[in-house]
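The values are calculated or read from the model by the stated rules, or taken from the named source; none is laboratory data. Just so we're clear, the structure is a prediction, and the values are computed from it rather than from any experiment. Reconstructed Cβ throughout: ideal geometry from the backbone, glycine too, with neighbour counts over all protein chains shown. With ligands, DNA and RNA removed, areas are computed over all heavy atoms of the protein, side chains included. Shrake-Rupley method; radii C 1.70, N 1.55, O 1.52, S 1.80 Å.
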Amino acid sequence: MEKVAAWAWLLVLLGLAALLPDCTAQGTAAAELCPGVSGGVCGKGCQLHTCEALGRFYHATLNESNPWDDEHGWELTSTMSCEQLVERATLRRAVYCSWFGITCCTPEAVAAGNCSMVNSVYGVRLVINNLNASVSDVRMVHPMQQLHDCGMRSLNLEANNLAGQFHPAWGGLKHLLDFNFGNCWITGSIPSSMRSMRNLTQINLSNNWLNGTLPVWLDELQQLRILNLGSQFGANQGTDASGLMGTVPRQLSKLQQLRELNLEANVLTGELPEALCNEGEAYGTASNQ
């Protein structure tokens, strides 16, 4: 029975591979950047590459004296090599697909056009999990870039002990859809490197220590549906004001997909552009001027 099931699964993958050339150019691009991809499937080489990236990210965000709250699966990279872990995987599912906070791409999701290759990591969601790191540390950024190049499209690290200013390399995650670093300890201004992340549909940087002004280039992120920059506490040089300051750029009215905008608890002045004030959309601007 196990052999029959394995052959049936193989036939599913082969049938899926026949459909993939017309799936998306994005999948082709991912295959070029991600080793070990064949026929729309993250094979053993790709799985090894992915496992190693996850392991590096885990160790870059781990405080041994105060570890992650839930490290199921991830902790295996401390005692076993990724070669050993990948060899333990079945034809149907990569070993890391069962790790805490990991969502993998399935054949059904590929067929629906929701992701690019089977067994790639589609999402990393480690909310309130006691990660400890600086977002300016390339040891944290580079593994995320590798996962992104192999198909990751959603990153949610909300409510962790993440501090520092965003490294410019974060802007290399150009195909990312969700970028959530809310409720952390991040400082500095909204990084200009995010300007290249034009596929983003959701940004959450709320409840951090950001300062400066709202960049006018936000209107270039035309896929944005949710933009949450509320409750910032960063000091602004030469003034007693903390948080985001200045006026709301009129260019934000060009974000035609925007449905939720949160700018509350900052020191912004003026009025929202009239074009943003559409019925059925949610905008928070309390505690501004």
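Compute the length gained on full extension between Gln165 and Leu33: take 0.36 nm times their separation in residues and subtract their Cα-Cα distance, giving the result in nm to one decimal.
So the chain would gain 44.8 nm between Gln165 and Leu33.
What does the extension gain come out to for His72 and Ile128, with contour length at 0.36 nm per residue minus their alpha carbon separation?
18.7 nm
Taking every alpha carbon pair in the stretch 173-289, what does the distance histogram look like in 10 angstrom bins from 0, in percent?
Once binned at 10 Å, the Cα pair distances of the stretch 173-289 give 14, 50, 32, 4.
How high is the FRET efficiency between Phe100 and Glu271 when r is their beta carbon distance and R₀ equals 51 Å, given to the nearest 0.05?
It comes out at approximately 0.70.
Report, in whole Å, the centroid distance computed from the Cα atoms of the stretch 51-102 and the stretch 251-277.
Computed from Cα coordinates, the inter-centre distance equals 40 Å.
What nm distance separates the two modelled labels at Asp178 and Asp240, each placed 7 Å from Cα along Cα→Cβ?
So the two model labels end up 4.1 nm from each other.
Roughly how many percent of the accessible protein surface of the stretch 60-114 is carbon and sulfur, given a 1.4 Å probe and a whole-percent answer?
47 percent
Find the accessible area per residue for the stretch 111-218; the probe is 1.4 Å, ligands and nucleic acids are left out, and the unit is Å².
34 Å²
Compute the Kirkwood hydrodynamic radius of the stretch 112-226, taking the inverse of the mean of 1/r over all pairs of distinct Cα atoms, and give it in Å to one decimal.
Evaluated on the stretch 112-226, it is 14.4 Å.
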